[in-house]
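Novice: Got a structure for you, written out below as structure tokens; questions coming shortly.
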Amino acid sequence: MRSSNPSLAGLSPWRMIVGLGTVSLTIDMVADGAMSVNGAFLAQLGASALLVGLVTGGADAVALLLRLVTGPWVDRTGRYWTFTIIGYALTAMSVPLLAVAPFAGGAGLAIASVLLILERTGKAIRSPAKTVLLADAAGAVGRGKGFGVHKALDQLGAFLGPLLVAAVAAAVGAYWPAFLWLVIPGVAAMLILFWLRGRVPDTSVFRQEPVVLEPTLSGEVVRVDTHRVTFVLFASFGALTTFGLIGFGVITFHLEDAGLVPLPAVPLVYALAMLVAAFTAPATGWVYDKLGARTLLIVPVLTAFVPALCLAGELPLVLVGVCLWGASTGIQDSTIKAFVADLVPPAGRGSAYGRFAVFQGAAALAGGTVAGALYGNVALLSALVVMAQVVAFVLLVVVLRRRGVRQARG
């Protein structure tokens, strides 16, 4: 692949990747600070396990399903920076407002539920646009590495946010004051974002789209296609692995319900998952650039063990499950997105991420709902997830046979 021409932009590709990663770091302190305790917070407001599953799974579904609209919309308008800024701003504002919920009486649970869904709506608005901006820059340095480094910074924020929430909760014995502290990284994210847009108003200057060739399993080199069936098969794989991750809201509810950890320690468990994801994302991204989509075969293997371990009655088993959850999430949000970018041309990537997210969104809602409904029957829940991951593994093998197992750099 030819190198990009940094003189055409105000920043080099790597600086743009790190800049966008820093924005994700700061905004994920906000979003994941709230997500680390959302199940426990809702439980304190009176929610049941089923309601927690519906709200958190529904919020994740909104974050994904709405991209079916925002993805094509941003492709039609070309306003990638505008969508990105609006989406980040919505997250930066909605999370601090969660501090109001405990003082709203009987309406507190409804207010918190709406704000959690609004936060995820912000993600739905920004994600296709931001991912296109990132794909432009990452294409000049290797998409696996580029997406991996970005995800590592993203996960660092997802690690630091829960630490901040845990520290405040330990000091005052409640979660709501921590939401107010999250205003600070939210403002920082917006300032960095506006600076990046000022330096590189159009990231298409980074784009380089050489012909991509991949050897098939038989060794024959063929031109990469973008056949709809291949895309649907891969999106179905993504949906099944998302379903198996059950939603962290149910896991935090379990920590609270089973009394496995004290209140301030709940966000620390989530921080552990994010730390694992931070290491997993760049590692698998590097392997992806070397071996291609074969790297993704590990995802259903890891996911198959998540429900049984994360909903176990002993804390050590739960922590092992949380690490597997974090590893799977890190790969899903980095390397899987890199492969989607390699499947489609630049002009259609926003739409492609939107369509892909529909599959994941439906699966997130189903996973959260099923996990909440079967919270008292972990054996049945685990069996369903294992079967789903077997199907996911087979689907990915089919995709690999259709498209080849390794990208050959031309």
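Novice: Would you be able to say whether some residue in segment 69-80 is surrounded by fewer than 24 Cβ atoms within 10 Å (Cβ to Cβ) and within 28 Å of residue 371 (Cα to Cα)?
Specialist: Yes, segment 69-80 contains at least one residue that is surrounded by fewer than 24 Cβ atoms within 10 Å (Cβ to Cβ) and within 28 Å of residue 371 (Cα to Cα).
Novice: For segment 241-285, enumerate the residues that are over 15 Å from the mean Cα position of the chain (by Cα), in a helix (DSSP H, G or I) and among the aliphatic types (A, V, I, L, M).
Specialist: Listed by number, the residues that qualify are 250, 251, 255, 263, 265, 266, 268, 269, 272, 283.
Novice: Within the set of pairs 6 or more residues apart or between chains, which connect a residue that is crowded, with 24+ Cβ neighbours inside 10 Å inside segment 247-265 to a residue that is assigned to a helix (DSSP H, G or I) and acidic (Asp, Glu) with Cβ atoms less than 8 Å apart?
Specialist: Once the first residue is crowded, with 24+ Cβ neighbours inside 10 Å and sits in segment 247-265, its partners that are assigned to a helix (DSSP H, G or I) and acidic (Asp, Glu) give 247/60.
Each row is one residue, and each column tells you yes or no for (1) out of contact with any helix residue (DSSP H, G or I) (no Cβ under 8 Å at 6 or more places or on another chain); (2) basic (Lys, Arg).
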{"position": "337", "(1), (2)": "no, yes"}
{"position": "340", "(1), (2)": "no, no"}
{"position": "353", "(1), (2)": "no, no"}
{"position": "363", "(1), (2)": "no, no"}
{"position": "366", "(1), (2)": "no, no"}
{"position": "369", "(1), (2)": "no, no"}
{"position": "375", "(1), (2)": "no, no"}
{"position": "380", "(1), (2)": "yes, no"}
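Novice: Let me ask something else about it. On the basis of being part of a helix (DSSP H, G or I), within 20 Å of residue 191 (Cβ to Cβ), at pLDDT 85 or above and charged (D, E, K, R), does residue 76 make the cut? Walk me through how you get there before you give the answer.
Specialist: Numbers: part of a helix (DSSP H, G or I): yes; within 20 Å of residue 191 (Cβ to Cβ): no; at pLDDT 85 or above: yes; charged (D, E, K, R): yes.
Against the criterion (part of a helix (DSSP H, G or I), within 20 Å of residue 191 (Cβ to Cβ), at pLDDT 85 or above and charged (D, E, K, R)), residue 76 does not qualify.
Novice: How about segment 36-51: which of its residues are assigned to a helix (DSSP H, G or I) and at pLDDT 85 or above?
Specialist: First, the residues of segment 36-51 that are assigned to a helix (DSSP H, G or I): 38-44, 49-51.
Within segment 36-51, 38, 41, 42, 43, 44, 51 meet the criteria.
Novice: Okay, next question. Residue 168 passes all but one of (1) modelled with pLDDT of 90 or more; (2) in contact with a Phe, Trp or Tyr (Cβ under 9 Å, 6 or more places away or on another chain); (3) more than 13 Å from residue 96 (Cβ to Cβ); (4) aliphatic (A, V, I, L, M); which number fails?
Specialist: (3)
Novice: Among the numbered criteria (1) surrounded by fewer than 24 Cβ atoms within 10 Å (Cβ to Cβ); (2) small (Gly, Ala, Ser); (3) part of a helix (DSSP H, G or I); (4) modelled with pLDDT of 90 or more, which one does residue 292 miss?
Specialist: So residue 292 meets the others, but not (4).
Novice: In addition: Spot the failing condition for residue 82; the list is (1) over 23 Å from residue 147 (Cα atoms); (2) out of contact with any helix residue (DSSP H, G or I) (no Cβ under 6 Å at 6 or more places or on another chain), and only one is missed.
Specialist: Condition not satisfied by residue 82: (1).
Novice: Given the conditions (1) within 21 Å of residue 387 (Cα to Cα); (2) in contact with a Leu (Cβ under 7 Å, 6 or more places away or on another chain); (3) of a type outside the set (D, E, K, R), report the number of the one that residue 231 does not fulfil.
Specialist: (1)
Novice: From the list 134, 64, 90, which residue is assigned to a helix (DSSP H, G or I), under 18 Å from the mean Cα position of the chain (by Cα) and surrounded by fewer than 20 Cβ atoms within 10 Å (Cβ to Cβ)? Walk me through it before giving the result.
Specialist: Details: 134 fails: surrounded by fewer than 20 Cβ atoms within 10 Å (Cβ to Cβ); 64 fails: surrounded by fewer than 20 Cβ atoms within 10 Å (Cβ to Cβ).
It is 90.
Novice: Here is a further query. Which of (1) surrounded by fewer than 24 Cβ atoms within 10 Å (Cβ to Cβ); (2) more than 17 Å from the chain's Cα centre (by Cα); (3) touching a residue at least 60 places away in the same chain (Cβ under 8 Å) does residue 112 not meet, given it meets every other one?
Specialist: Going through (1) surrounded by fewer than 24 Cβ atoms within 10 Å (Cβ to Cβ); (2) more than 17 Å from the chain's Cα centre (by Cα); (3) touching a residue at least 60 places away in the same chain (Cβ under 8 Å) one by one, residue 112 breaks only (1).
Novice: Follow-up question, since we're still on this one. Name the single residue that is surrounded by the fewest Cβ atoms within 10 Å (Cβ to Cβ) among those in segment 266-284 being in contact with a Lys or Arg (Cβ under 9 Å, 6 or more places away or on another chain) and within 10 Å of residue 158 (Cα to Cα).
Specialist: 278
Novice: Okay, moving on. Residue check, residue 197 against (1) more than 17 Å from the chain's Cα centre (by Cα); (2) of a type in the set (D, E, K, R); (3) at pLDDT below 90; (4) not in a loop (DSSP other than H, G, I, E, B), all met but one. Which one?
Specialist: So the condition that residue 197 fails would be (3).
The values are calculated or read from the model by the stated rules, or taken from the named source; none is laboratory data. The structure presented is a predicted model; accordingly, all values stated were derived computationally and were not measured. As a convention, Cβ positions derive from the backbone with ideal geometry for all residues, glycine included, and neighbour counts pool all protein chains shown.
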